[in-house]
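To keep things clear, I will list the structure first and then write my remarks on it.
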Amino acid sequence: MSRIGRMPIEVPPQVSININDGEITIKGPKGELQRRINPEMTVSLENGYLKVSRPSDAKPHRALHGLTRSLLASMVEGVTKGYEKGLEVSGVGYRAEKEGDNLVLRVGFTHSVIIKPRPGINFDVDAKNVGIKVIGINKELVGQTAAEIRHIRPPDAYKGKGIRYAGEQIKLKPGKAGKAVGGGKAK
């Protein structure tokens, strides 16, 4: 058995689950998520636990078993707690603002970059205009949106300015002056 796939998913009392021909709908206090799973996987709700089983020990079935269980666990956690991904804007004059629901980035271009949130995604900007939070109930959508925002101005390898994930460490390269210190010939 898959070590991940065999673990049951605890379903909190405020969450309701509907399983209908490979279509699973999970409703909770934060919202509702829906997903179609592979028809070879069997999902059952027993005594407040969601269990996933597979038809055989073939390699594709073992892989799908763990994947299906992880996706369902993420859905249950999303409708109860939600997800958020933090980003940091660093650089002189770089900042992020929120105008209505949209996120406005000023990151060194001649124009502002306006990002409209997808359905189910919200943005939050801190008071200093350098921290961004992407908030939602769908883990995949939150991660994808954060990656797209980071892609607008990825961190520079020499100065480190740009948009990075919260807590991400950027290894800076030495510039021209760093190379000339020990490697040049004396005249």
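The values are calculated or read from the model by the stated rules, or taken from the named source; none is laboratory data. All values derive from a computational prediction rather than experimental measurement. Ideal geometry is used to build each Cβ from the backbone, glycine not excepted, and the neighbour counts take in all protein chains shown.
Observations on the model:
- A single member of Ala96, Ala58 is in contact (Cβ under 8 Å) with a residue 12 or more places away in the chain and of a type in the set (A, V, I, L, M), and it is Ala96.
- When Thr110 is tested against the conditions (1) among the β-branched types (Val, Ile, Thr); (2) surrounded by fewer than 12 Cβ atoms within 10 Å (Cβ to Cβ); (3) not in a loop (DSSP other than H, G, I, E, B), the lone failure is (3).
- Qualifying residue in region 85-95 (condition: in the same structural domain as Val107 (by TED's automatic domain parsing), among the basic types (Lys, Arg) and surrounded by fewer than 17 Cβ atoms within 10 Å (Cβ to Cβ)): yes
- Every condition in (1) surrounded by fewer than 17 Cβ atoms within 10 Å (Cβ to Cβ); (2) touching a Lys or Arg at 6+ places or on another chain (Cβ under 8 Å); (3) over 30 Å from Ile26 (Cα atoms) is met by Tyr165 except one, and the failing one is (3).
- Check on Glu23, exposed (fewer than 15 other Cβ atoms within 10 Å of the Cβ), under 18 Å from Gly66 (Cα atoms), modelled with pLDDT of 90 or more and out of contact with any Phe, Trp or Tyr (no Cβ under 7 Å at 6 or more places or on another chain): yes
- Counted residues, region 122-134 - those being over 18 Å from Ser112 (Cβ atoms) and either buried (at least 19 other Cβ atoms within 10 Å of the Cβ) or in contact with a helix residue (DSSP H, G or I) (Cβ under 7 Å, 6 or more places away or on another chain) (or both): 1
- Residue in region 27-46 that is surrounded by fewer than 13 Cβ atoms within 10 Å (Cβ to Cβ), more than 30 Å from Asn122 (Cα to Cα), free of Cβ contacts under 8 Å to residues at least 24 places away in the same chain and touching a helix residue (DSSP H, G or I) at 6+ places or on another chain (Cβ under 9 Å) present: no
- Pair list, Cβ < 7 Å and 6+ apart or interchain, from region 159-178 residues that are in a strand (DSSP E or B) to residues that are surrounded by 11 or more Cβ atoms within 10 Å (Cβ to Cβ) and acidic (Asp, Glu): Gly162/Asp156; Arg164/Glu88
- Meets criteria (farther than 29 Å from Ile121 by Cβ, out of contact with any Ser or Thr (no Cβ under 8 Å at 6 or more places or on another chain) and among the basic types (Lys, Arg)) for Lys51: no
- Top-ranked residue in region 61-100 [being more than 19 Å from the chain's Cα centre (by Cα) and acidic (Asp, Glu); ranked as farthest from Gly160 (Cα to Cα)]: Glu99
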